[in-house]
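The values are calculated or read from the model by the stated rules, or taken from the named source; none is laboratory data. Just so we're clear, the structure is a prediction, and the values are computed from it rather than from any experiment. We place every Cβ from the backbone using ideal geometry, glycine too, and count neighbours over all the protein chains shown. Heavy atoms of the whole protein, side chains included, go into the accessibility calculation; ligands, DNA and RNA do not. Shrake-Rupley method; radii C 1.70, N 1.55, O 1.52, S 1.80 Å.
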Amino acid sequence: MLAKWAVLCALCVPLLPAQESSMAAAPSGLRCEYLADPVGIDVPQPRFSWVLEHAARGERQTAYQILVSLKPDVPAGDQWDSGKVSSDQPVHVVYAGKPVASGQTYYWKVRYWDSGDHASPYSAAGRFETGLLESADWKAKWIGGANQMRKEFTLPARPVRARAYVAGLGYYELRINGHKVGDHMLDPAWTTYDKRVLYAVYDITGRLRPGANAVGVMLGEGWFKSRALRMQIHAELEGGQSVDVATDGSWKTMAGPIQSDSVYNGEVYDARLETPGWDRAGFDDAHWKAASLIDGPKGILSAQMMPPIRIVDTIAPVKMTSTHPGVYIYDLGQNISGVVEMRVRGPRGTRVQLRHAELLYDDGTLNVENLRAAKATDVYILRGDGSLEVYQPRFTYHGFRYVELAGYPGAPKFDALRAKVVHSDVRPTGGFASSKQILNQIQRNIVWGIQDNLHSVPTDCNQRDERMGWMADAHLYAETAMLNFDMPAFYTNFLRDIHDVQGADGTVTDTVPHRYGSRPADPAWGMAYPLLTWYMYEYYGDRRILEQHFAGVKAWTDYLRTRSHDGILDYSYYGDWVPIERTPGNLVSTFCYYWSADLVSRMAGILGKGGDAEAYHKLAVEIKDAFNARFLNQATGVYGTGTQTAQILPLFLNMVPGNRRGGVFGALRDDLVYTRNTHLTTGILGTKYLFPLLTGTGNSDLAYELATQTTYPSWGYMVENGATTLWELWQNKTGPSMNSHNHPMFGSLGAWFYNALAGINPDAAKPGFERVVIAPEVVRDLKWAAGSLDTIRGTVASSWSRSDNGLRLEVTIPVGSLAEVRIPELGLAPVTLSESGSAIWKNGKYQSGPAGVAGLKESDGTLVVEIGSGKYAFALARE
Ligand code: BGC
């Protein structure tokens, strides 16, 4: 690695004056297994990543040193001192110290050496804490009973460190000494419970006290559709003693105020049945029953190593109307995932009902037709003790913009309701904006649509009786998700979910966990397995993921092979789903089969599995030939039935024979521009690959026209019709058919905003943004565009604005990364290019000078600048 850097350095990045090298600052953004200070990880060799900070441009890491200790203040690593390790990689450094033990907190810090071999200061200490690494560490037993469980226990001394390890199915709320513990909601993440159940770890030191304590757990049905609890507490006390409390037959159980709860249908809560103090010590539970020991789910327990579902925001309604006496409609102005928090005072036993919907009828009443069987109704029955009662359901969530409130005592105030936005709490990491307002609104709808559908698995929709991890939907919006949110831990978990459903025959399923759809998956749905694995590599440089899933991805591809005949894969259920014009299913399936084989070959190459790399490359070539022989009509020169998608798929993957490419592309362009008057007829697959195809072939102007359309079918059409998220269908439907108004699969377009308009692209040859290609497309009437992205190596940003005579482009590249910046000359040649005021291109020649700028050449009307890390301001002008 060092040698490679040395070559790169000698070639491009000018050496820095010696005094600048001391500008290496302490690394920031410490991550362990992608998480900041995780509590509860069960990876025996966790990986560390950090962000390099340096005041000079063109800088990088040449070596690092990591210290891992059991105490925060220990200066030398008592668990691991890596020593000075020559490496240019600040990401995915594998722990190699003493074996990690269960239930331990480890502190770590890191420093690095820059290009001048000057050491940075050490970072601030990061932390990671292990969960229960061995199944024998679990003393607790699975218990069942009613929806409330409790246990009292005594601590003979003050607790100095206490943890709770909780697996509570379907959903749980953990309470200690009268307080909710932690801020997770709808926990744990949904898994294939017969394979795996996730547990969370909480630091409860501050919640316990010497003497009598009580733990109470509320359980909901969630996706498990039943209730089961396995949890244990380990408390270390002053004086060195420790106390363990674990679920067993001595726990007590009793039905609580939640009368029923269902993900789809909502919750019924009777506050008259509350038993204040049940989660505190000293409560009289004589009439509670003993919990029963149950078999519980068969799955192994794994630590939940991903951002939990939380309440991430609170929204006040923008409007309240009344359609009938006593019935009020609140409008949030935004389609969200979440629940309502209601404030109410009134007589005991008053039954208040909240119904949720995405749509209203013209007369202003609630339209719930597209929710199908999901009732999406919460009911609260008042305690009525004269106090203000605040209700927020625990074990359900809804997809809604409108809430109908009925049965409220008296006239509700406008602020009687507030909405809580609930989803997997993935940190927003990106931003995109431009001078074109319709694009900004589409971007907003995409971001809302995606976050609304991150519910521990990537769901298809959030409102009707589905909300499944439909696999095509998952891979189609994955790149957009990765460009807008901190996704690697989420997708690491989902890939393991996929692996958990894989059969011995290599099959995966349409939905993961598998509840709806078929086994084997439609080939375009099963594509999620190879593609998500690949995206994790491309966007985060995660080689371990490739190693972990290579066999699984290969087995899926081998399964497809058993279903193929002469290179053609005939089976298909959905294909290019919800298009305007249908494309033959076997064409789509064979395209996916080709791509799977190709990805297996690439992954094998990266992992040094030469035999597989070659064998699957050969297979891919055979499939490609079969695809062309079968689907490319020699007479008409187009694929399949001539649909846009049938041309887009083979063009996108470069499957078209060279002499046919022009003709196939021409037919696609003619259909888009003339036959359809610059509109799409594509379904979810064709739509995703059309945009990079157009940009890759120099047709970004056309891509831009399609992206900014406001007439049917287009994203702008959704916006013009009031959408605040993305629809499932191009058509504007509001009846009982499948027409969710929050389906993120067409959000694939959002990746193109970053890749083409802002121009930020990862380079799979140096994955994880170690090398970045900045290639903004300066299209049509777009005056400016800006994108920024917190990658695992730090911030990558690109923003440009044009004038009649030139272009300004500001670029940020993280320390340790290199970039190729492609600046279009915009037909202004001859041009000059300057960087922060110094000319670097003049009279058709490169002029070296500014630090970090390593080279520049002209190619096909584009100035291609090689840069190292730092912030740059380029200005292109007519000479
Ligand atoms: C889902 C889709 C899914 C499809 C399978 C639908 O009901 O909502 O998004 O991919 O079924 O064709």
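For Pro657, state whether it is of a type outside the set (Lys, Arg) and open to solvent by less than 20 Å² (accessible area, probe 1.4 Å). Steps first, answer last, please.
Details: of a type outside the set (Lys, Arg): yes; open to solvent by less than 20 Å² (accessible area, probe 1.4 Å): no.
Judged against the criteria, Pro657 is not a match.
Among all residue pairs at least 6 apart or on different chains, which show Cβ distances below 6 Å where the first residue, located in region 239-258, is more than 17 Å from Val217 (Cβ to Cβ) and the second is at pLDDT 95 or above?
Gly239/Ala157; Ser242/Glu236; Val243/Leu155; Val243/Ala235
Any residue that is under 30 Å from Met487 (Cβ atoms), out of contact with any His (no Cβ under 9 Å at 6 or more places or on another chain), open to solvent by less than 10 Å² (accessible area, probe 1.4 Å) and outside any strand (DSSP E or B) - is there at least one of those in region 818-838?
Checked region 818-838: no residue is under 30 Å from Met487 (Cβ atoms), out of contact with any His (no Cβ under 9 Å at 6 or more places or on another chain), open to solvent by less than 10 Å² (accessible area, probe 1.4 Å) and outside any strand (DSSP E or B).
Of the residues Val215, Val197, Val201, which is under 18 Å from Gly282 (Cα atoms) and surrounded by 20 or more Cβ atoms within 10 Å (Cβ to Cβ)?
From the options Val215, Val197, Val201, the qualifying one is Val215.
Taking region 465-488 as the search range and keeping residues that are over 9 Å from the mean Cα position of the chain (by Cα) and assigned to a loop (DSSP other than H, G, I, E, B), which one is surrounded by the fewest Cβ atoms within 10 Å (Cβ to Cβ)?
The residue in question is Asp465.
Against the conditions (1) within 24 Å of Trp448 (Cβ to Cβ); (2) out of contact with any Phe, Trp or Tyr (no Cβ under 9 Å at 6 or more places or on another chain), where does Ala255 fall short? Just the number, please.
Evaluating Ala255 over (1) within 24 Å of Trp448 (Cβ to Cβ); (2) out of contact with any Phe, Trp or Tyr (no Cβ under 9 Å at 6 or more places or on another chain) leaves (1) as the failure.
Specify the residue that is surrounded by the fewest Cβ atoms within 10 Å (Cβ to Cβ); the eligible residues are those in region 507-531 that are at negative phi and small (Gly, Ala, Ser). Explain how you work it out, then say what you get.
Here is the first cut: in region 507-531, the residues at negative phi are 507-516, 518-531.
Still in the list and also small (Gly, Ala, Ser): 518, 521, 524, 526, 528.
Details: Ser518: 15, Ala521: 28, Ala524: 28, Gly526: 31, Ala528: 29.
Once the filter is applied, the top-ranked residue is Ser518.
Here are the criteria: (1) among the aliphatic types (A, V, I, L, M); (2) closer than 22 Å to Asn440 by Cα; (3) touching a strand residue (DSSP E or B) at 6+ places or on another chain (Cβ under 7 Å). Tell me which single one Val772 does not satisfy.
In the conditions (1) among the aliphatic types (A, V, I, L, M); (2) closer than 22 Å to Asn440 by Cα; (3) touching a strand residue (DSSP E or B) at 6+ places or on another chain (Cβ under 7 Å), Val772 misses (2) alone.
I need the full set of residues from region 519-562 which are in contact (Cβ under 8 Å) with a residue 24 or more places away in the chain, within 16 Å of the ligand (Cβ to nearest atom) and farther than 21 Å from Gly683 by Cα, in order please.
Of everything in region 519-562, just one residue is in contact (Cβ under 8 Å) with a residue 24 or more places away in the chain, within 16 Å of the ligand (Cβ to nearest atom) and farther than 21 Å from Gly683 by Cα, namely Pro520.
For every residue, the table says whether it meets (1) touching a Ser or Thr at 6+ places or on another chain (Cβ under 6 Å); (2) of a type in the set (Gly, Ala, Ser); (3) within 30 Å of Val51 (Cα to Cα).
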position	(1), (2), (3)
Trp800	no, no, yes
Gly827	no, yes, no
Tyr846	no, no, no
Asp860	no, no, no
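Could you check, for region 230-244, whether at least one of its residues is of a type in the set (Asp, Glu), part of a strand (DSSP E or B) and over 30 Å from Asn462 (Cβ atoms)? Talk me through it step by step, then tell me what you get.
Of the residues in region 230-244, the ones of a type in the set (Asp, Glu) are 236, 238, 244.
Restricting the remaining residues to those that are part of a strand (DSSP E or B) gives 236, 244.
If we keep only those that are over 30 Å from Asn462 (Cβ atoms) too, we end up with 236, 244.
Yes, region 230-244 has at least one match.
Quick one: which of Gly735, Gly722 is surrounded by fewer than 20 Cβ atoms within 10 Å (Cβ to Cβ), within 16 Å of the ligand (Cβ to nearest atom) and not charged (D, E, K, R)?
Values: Gly722 fails: within 16 Å of the ligand (Cβ to nearest atom).
The unique qualifying residue is Gly735.
So, in region 473-501, how many residues would count as being touching a Gly at 6+ places or on another chain (Cβ under 9 Å) and within 12 Å of the ligand (Cβ to nearest atom)? Can you show your working first?
Taking region 473-501 and keeping what is touching a Gly at 6+ places or on another chain (Cβ under 9 Å), we get 476-477, 479-485, 494-495, 497-500.
Keeping just the survivors that are within 12 Å of the ligand (Cβ to nearest atom) gives 476-477.
Looking only at that region, the number is 2.
When you go through (1) among the hydroxyl-bearing types (Ser, Thr, Tyr); (2) within 28 Å of the chain's Cα centre (by Cα); (3) at pLDDT below 95 one by one for Ser337, which number turns out not to apply?
The number of the failed condition is (3).
Being in contact with a helix residue (DSSP H, G or I) (Cβ under 8 Å, 6 or more places away or on another chain) and more than 26 Å from Pro458 (Cβ to Cβ) is true for just one of Thr697, Thr687. Which residue is that? Spell out the reasoning first.
Working: Thr687 fails: more than 26 Å from Pro458 (Cβ to Cβ).
Result: Thr697 is the single residue among Thr697, Thr687 that is in contact with a helix residue (DSSP H, G or I) (Cβ under 8 Å, 6 or more places away or on another chain) and more than 26 Å from Pro458 (Cβ to Cβ).
For Thr708, are the conditions met, namely being hydroxyl-bearing (Ser, Thr, Tyr), surrounded by fewer than 24 Cβ atoms within 10 Å (Cβ to Cβ), closer than 24 Å to Ala786 by Cα and out of contact with any Phe, Trp or Tyr (no Cβ under 7 Å at 6 or more places or on another chain)? Before you say what the answer is, go through the steps one by one.
Details: hydroxyl-bearing (Ser, Thr, Tyr): yes; surrounded by fewer than 24 Cβ atoms within 10 Å (Cβ to Cβ): yes; closer than 24 Å to Ala786 by Cα: yes; out of contact with any Phe, Trp or Tyr (no Cβ under 7 Å at 6 or more places or on another chain): yes.
Yes; evaluated as a whole, the condition is true for this residue.
Output the residues belonging to region 650-669 that are in contact with a strand residue (DSSP E or B) (Cβ under 9 Å, 6 or more places away or on another chain), part of a helix (DSSP H, G or I) and more than 24 Å from Ile580 (Cα to Cα).
Of everything in region 650-669, just one residue is in contact with a strand residue (DSSP E or B) (Cβ under 9 Å, 6 or more places away or on another chain), part of a helix (DSSP H, G or I) and more than 24 Å from Ile580 (Cα to Cα), namely Arg660.
Residue check, Tyr516 against (1) within 20 Å of the chain's Cα centre (by Cα); (2) within 12 Å of the ligand (Cβ to nearest atom); (3) part of a loop (DSSP other than H, G, I, E, B), all met but one. Which one?
Condition (1) is where Tyr516 drops out.
Among the numbered criteria (1) farther than 27 Å from Cys32 by Cβ; (2) within 14 Å of the ligand (Cβ to nearest atom); (3) surrounded by 21 or more Cβ atoms within 10 Å (Cβ to Cβ); (4) not basic (Lys, Arg), which one does Tyr573 miss?
Single failed check for Tyr573: (3).
Scan region 284-301 and give yes if some residue there is open to solvent by 50 Å² or more (accessible area, probe 1.4 Å), free of Cβ contacts under 8 Å to residues at least 24 places away in the same chain and among the aliphatic types (A, V, I, L, M), otherwise no.
Taking region 284-301 as the starting set, the residues that turn out to be open to solvent by 50 Å² or more (accessible area, probe 1.4 Å) are 284, 286-287, 289-290, 292-295, 298, 300.
From what is left, the residues that are free of Cβ contacts under 8 Å to residues at least 24 places away in the same chain are 284, 286.
Those still in the list that are among the aliphatic types (A, V, I, L, M) too: 286.
Within region 284-301 (the criterion being open to solvent by 50 Å² or more (accessible area, probe 1.4 Å), free of Cβ contacts under 8 Å to residues at least 24 places away in the same chain and among the aliphatic types (A, V, I, L, M)), the answer is yes, since at least one residue qualifies.
State whether the residues of region 766-782 include one that is of a type in the set (A, V, I, L, M, F, W, C), buried (at least 22 other Cβ atoms within 10 Å of the Cβ) and under 29 Å from Phe400 (Cα atoms).
no
State whether the residues of region 199-211 include one that is modelled with pLDDT of 95 or more and out of contact with any strand residue (DSSP E or B) (no Cβ under 9 Å at 6 or more places or on another chain).
Step one: filter region 199-211 for residues modelled with pLDDT of 95 or more, giving 199-211.
Of the ones still in play, those that are also out of contact with any strand residue (DSSP E or B) (no Cβ under 9 Å at 6 or more places or on another chain) are none.
No, because not a single residue in region 199-211 is modelled with pLDDT of 95 or more and out of contact with any strand residue (DSSP E or B) (no Cβ under 9 Å at 6 or more places or on another chain).
Among the numbered conditions (1) closer than 24 Å to Thr687 by Cβ; (2) away from the ligand (no atom under 16 Å from the Cβ), tell me where Ala504 comes up short.
Tallying (1) closer than 24 Å to Thr687 by Cβ; (2) away from the ligand (no atom under 16 Å from the Cβ), Ala504 fails exactly one: (1).
I'd like to check something: does region 486-502 contain any residue that is closer than 15 Å to Gly449 by Cα and free of Cβ contacts under 8 Å to residues at least 60 places away in the same chain?
The answer is no; no qualifying residue exists.
Taking Gly608, is it without any contact (Cβ under 8 Å) to a residue 12 or more places away in the chain and open to solvent by 10 Å² or more (accessible area, probe 1.4 Å)?
On the way: without any contact (Cβ under 8 Å) to a residue 12 or more places away in the chain: yes; open to solvent by 10 Å² or more (accessible area, probe 1.4 Å): yes.
Criteria met by Gly608.
Looking at region 523-575, which of its residues are polar (S, T, N, Q) and in contact with a Ser or Thr (Cβ under 9 Å, 6 or more places away or on another chain)? First the steps, then the outcome.
If we filter region 523-575 for residues that are polar (S, T, N, Q), which is where we start, we get 533, 548, 557, 562, 564, 572.
Listed by number, the residues that qualify are Gln548, Thr557, Ser564, Ser572.
Being small (Gly, Ala, Ser), open to solvent by less than 10 Å² (accessible area, probe 1.4 Å) and either over 16 Å from the mean Cα position of the chain (by Cα) or within 16 Å of the ligand (Cβ to nearest atom) (or both) is the filter here, so list the residues in region 412-464 that pass it. Steps first, please.
Restricting attention to region 412-464, the residues satisfying the condition of being small (Gly, Ala, Ser) are 416, 419, 424, 430-431, 433-435, 449, 456.
Within this subset, residues satisfying the condition of being open to solvent by less than 10 Å² (accessible area, probe 1.4 Å) are 416, 419, 424, 434, 449, 456.
Scanning region 412-464 gives Ala416, Ala419, Ser434, Gly449.
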